[in-house]
1. Taking a 1.4 Å probe, which of 41, 93 shows the most accessible area, and what order do the others take after it?
2. Probe 1.4 Å, all protein chains in place: accessible area of residue 76 in Å², nearest 10?
3. Expressed as a whole number of Å, what is the distance separating the alpha-carbon centroids of the stretch 72-93 and the stretch 19-48?
4. Hey, if we sort 83, 25, 42 by accessible area with the 1.4 Å probe, largest down, what's the order?
5. Could you compute the FRET efficiency for residue 11 and residue 51, with r as their C-beta to C-beta distance and R0 at 35 Å, rounded to 0.05?
6. Could you rank 22, 30 by how accessible they are, 1.4 Å probe, largest area first?
Amino acid sequence: MRERYKEMDYDMLLTCTDEELCALTAQGLCAAEEIMVSRYRTFVRACARPLFLTGGDSEDLTQEGMVGLLMAIREYDPRKAATFRTFAEICIR
């Protein structure tokens, strides 16, 4: 699959599905991971917003959510019965 996207520019990557971008990330394409982080940044903040952390601030929770997002991007398996968004939400929370 990487060969197909090897010479693809960033704008073309923006049209890929989340699942395709995860596969490209697994093959070492850093731009695909950057796009996923950009797509889900607002979602991570929305997940962190209602939570409270004693001695911390909302940015700490957002950072933890971003770590969960990165884990989801790197470990997503499309053969499982969940979409990437569902898997990511579990990892983020």
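The values are calculated or read from the model by the stated rules, or taken from the named source; none is laboratory data. Keep in mind that what you see is a predicted model, and the values were worked out from it rather than measured. Note that we place each Cβ from the backbone using ideal geometry, even for glycine, and neighbour counts take in every protein chain shown. Surface accessibility is based on the protein's heavy atoms, side chains included, excluding ligands, DNA and RNA. Shrake-Rupley method; radii C 1.70, N 1.55, O 1.52, S 1.80 Å.
1. My answer, sorted largest first, is 93, 41.
2. 30 Å²
3. 11 Å
4. Reading off the accessible areas and sorting them downward yields 42, 83, 25.
5. 0.50
6. Correct descending sequence by accessible area is 30, 22.
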